[in-house]
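Notes follow the structure.
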4 protein chains.
Amino acid sequence: MKINFFAIGGTIDKVYFDALSQYHVGSPAIETILKDARVNFEYEITSLLKKDSLDMTPTDRKSILEAISNDPAQFIVITHGTDTMVETAISLKPIKNKTIVLTGAMEPAKFKSSDAAFNLGSAIAAVQTLPPGVYIAMSGRIFDPEKVSKNREDKQFQDK
Amino acid sequence: MKINFFAIGGTIDKVYFDALSQYHVGSPAIETILKDARVNFEYEITSLLKKDSLDMTPTDRKSILEAISNDPAQFIVITHGTDTMVETAISLKPIKNKTIVLTGAMEPAKFKSSDAAFNLGSAIAAVQTLPPGVYIAMSGRIFDPEKVSKNREDKQFQDK
Amino acid sequence: MKINFFAIGGTIDKVYFDALSQYHVGSPAIETILKDARVNFEYEITSLLKKDSLDMTPTDRKSILEAISNDPAQFIVITHGTDTMVETAISLKPIKNKTIVLTGAMEPAKFKSSDAAFNLGSAIAAVQTLPPGVYIAMSGRIFDPEKVSKNREDKQFQDK
Amino acid sequence: MKINFFAIGGTIDKVYFDALSQYHVGSPAIETILKDARVNFEYEITSLLKKDSLDMTPTDRKSILEAISNDPAQFIVITHGTDTMVETAISLKPIKNKTIVLTGAMEPAKFKSSDAAFNLGSAIAAVQTLPPGVYIAMSGRIFDPEKVSKNREDKQFQDK
């Protein structure tokens, strides 16, 4: 089994400096999490964008669609900012014959109480058990991107 | 969706005191992990045994089989020591019509670099996407219990 | 021995929400750290301000000076943002007959790799071993506020 | 300022494998903690013993006394198991003209809620502010080794 990972910024990769520099998007958190979990499968990690998902443009989404369409892997996991994860997921629907799972985190992976490792574990299980299609793995659930939205107050993905 | 969790000891729940008292099995780690992940499903957690999995007897396994058979939930996740997880998984095969996923951790959940949250996320995704049966979610893979064994040196579950 | 703690915002208490809400100052980190350390002395924690230290005004500093002058404790530890810690420390110099130590963190206490617990441990040892005066405990050193400055690039307090 | 560190085993350096291998003493935790704290002083770390402090013999203590007596540094910090820290501290009393501070941890440094970084920060502040002598920095206090004992139940060092 081989899984290809694409890191497209978002809270999961946020690091913190200080009040003058604020946070910014750091190296993909995926690598550390996969090492700590000692995963037993092949993988590659590609860092596509280091942006806040709120700043993503239609051009960004087009280049993501292209990059993933051209990727040879059958199993794709994408880490993405939570605010526009649904939008990006829907924009990937034209891709057939691949199982694609998007996930992210409400708290940076570097936090002690982050949901990053849990969510990534969840996305990795989903990508290998589900038929081709595009899914969102957040809040312990596997969602159809058309039927989910982020509830900012509850910090939870919920049925729409 | 409702998932019932059973904590059956193991490294995932280990806490540490000191050289005189050594480690012992503490409260289920499941609760903290589910709260940090802000999961969006109903659940119950039952602490069945607080033993090292190496000390489990056939009587222990019989009472686990009974408890889970009698549980009304369709989706069951079990946290278990890694050394005899495969054995317990196989002993649960008589249960039909439920999806049962066993998981655990190589490092206590209280460690900064623990695989516990990753593995639990993985088990929770698997339990809701797979048909009835008994599975093991470890090392980022979903295994048939008959076809997997723990490699102690690599700290990894591998194809047998 | 009794130590009175004053939390005056800063990175040490930063929590993270998401791209729309950014970081903000949460509850004092001091409490969790003192509990984890199971400290053997009496203490009180007062949250004076929840501001970024860059936004502190002369009026803020005047009210801090007043609050601490009026506090009955002999030993005072202040957690403060690192960018203007030196300035606040110097503004407290008029207080005689108390040992006052300022500390803070380069990374929020909630981060796995935060320097918060280390720095607080350092400030607490300093406050009980030093004669009356105002000190800064950062980067593993105890500084005279007149002779130290923050090097933003090295994320370190250094001799001026 | 230069501080020489000696790691003499104990809980602070415990790592965990699994039920068959139990906990054992790993690499000194000091290094990671000093890096996370970005300390601004010179240092060397020597790993003297990787033993549980309960297993230390009079011969072990004699060789520790020798190693530290012969060390050129003025400031010495020792990480040590908590169960016999007091005993080792007293055995170092013949050393004059050095400030020596012993510390350790109730929970391994690798735990999220460990007291290791706090205690080490505390020892480092004490070693640079106190006159020559042997001290114990635990539970947020600086103790004379003759006047302190470990309370196992409270997991705290307390006045004797």
TODO: Please give the FRET efficiency for C:Glu153 paired with B:Lys96, using the beta carbon to beta carbon distance and R0 = 45 Å, rounded to the nearest 0.05.
DONE: 0.10
Task: Distances in nm from D:Thr59 to the matching label points in the other copies, shortest first (labels 7 Å along Cα to Cβ) - done: 4.6, 7.3, 7.4
Open item on the list: Sort B:26-32, B:55-61 by the packing proxy (mean of other Cβ within 10 Å over each peptide's residues), most packed first.
Closed with: B:26-32, B:55-61
- [ ] Return one whole number: the accessible area per residue of segment B:2-159 in Å², for a 1.4 Å probe.
- [x] 37
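Mind giving me the FRET efficiency for D:Lys35 and A:Lys112? R0 is 22 Å, r the Cβ-Cβ distance, nearest 0.05 is fine.
Efficiency computed from Cβ-Cβ geometry: 0.80.
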- [ ] Let me have the relative contact order for segment D:2-159, percent, based on Cα pairs under 8 Å that are six or more residues apart.
- [x] 24
Task: Position D:Lys35, label points 7 Å along Cα→Cβ, spacing to each other copy in nm (shortest first, one decimal) - done: 0.9, 3.0, 3.2
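Give the calculated FRET efficiency between A:Glu146 and C:Glu44 to the nearest 0.05, with a Förster radius of 45 Å applied to their Cβ-Cβ distance.
The pair A:Glu146/C:Glu44 has a calculated efficiency of 0.25.
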Open item on the list: Let me confirm one metric for peptide D:100-106, namely the mean number of other chain beta-carbon atoms within 10 Å of its residues' beta-carbons.
Closed with: 2
- [ ] Between the alpha-carbon centers of segment A:30-68 and segment A:71-150, tell me the distance in whole angstrom.
- [x] 11
Task: Percent of alpha-carbon pairs separated by more than 21 Å within segment D:2-159 - done: 39
Task: Mean residue ellipticity (222 nm) of chain C, computed from DSSP H runs ≥ 4 via -39,500 (n - 2.57), nearest 500 - done: -7500 deg cm²/dmol
Open item on the list: For a bin width of 20 Å, list the pair-distance distribution of the protein assembly as shown built from all Cα-Cα distances, rounded to whole %.
Closed with: 19, 46, 31, 4
Task: Check: chain D dipole with +1 on Lys, Arg Cβ and -1 on Asp, Glu Cβ, in debye - done: 240
Open item on the list: Antiparallel versus total DSSP beta bridges in chain B: what percent is that, nearest 5?
Closed with: 30
TODO: Could you pull the copy-to-copy label distances for A:Lys155, with points set 7 Å along Cα to Cβ, in nm to one decimal and sorted shortest first?
DONE: 2.2, 2.4, 2.7
Open item on the list: Taking each residue in B:129-138, count the Cβ atoms of any other chain within 10 Å of its Cβ, then average. What number comes out?
Closed with: 2
- [ ] Go through segment C:79-154 and name the trypsin sites (Lys or Arg not before Pro) that are in a DSSP coil and have 10 or fewer other Cβ atoms within 10 Å of their Cβ.
- [x] C:Lys96
Task: Average beta carbon contacts from partner chains per residue of B:149-157, 10 Å cutoff - done: 2
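The values are calculated or read from the model by the stated rules, or taken from the named source; none is laboratory data. Note that the structure is predicted; figures quoted are calculated from it, not measured. Heads up, the Cβs are rebuilt from the backbone with ideal geometry, glycines too, and the neighbour counts pull from every protein chain shown. These accessible areas exclude ligands, DNA and RNA; they are computed on the full protein's heavy atoms, side chains included. Shrake-Rupley method; radii C 1.70, N 1.55, O 1.52, S 1.80 Å.
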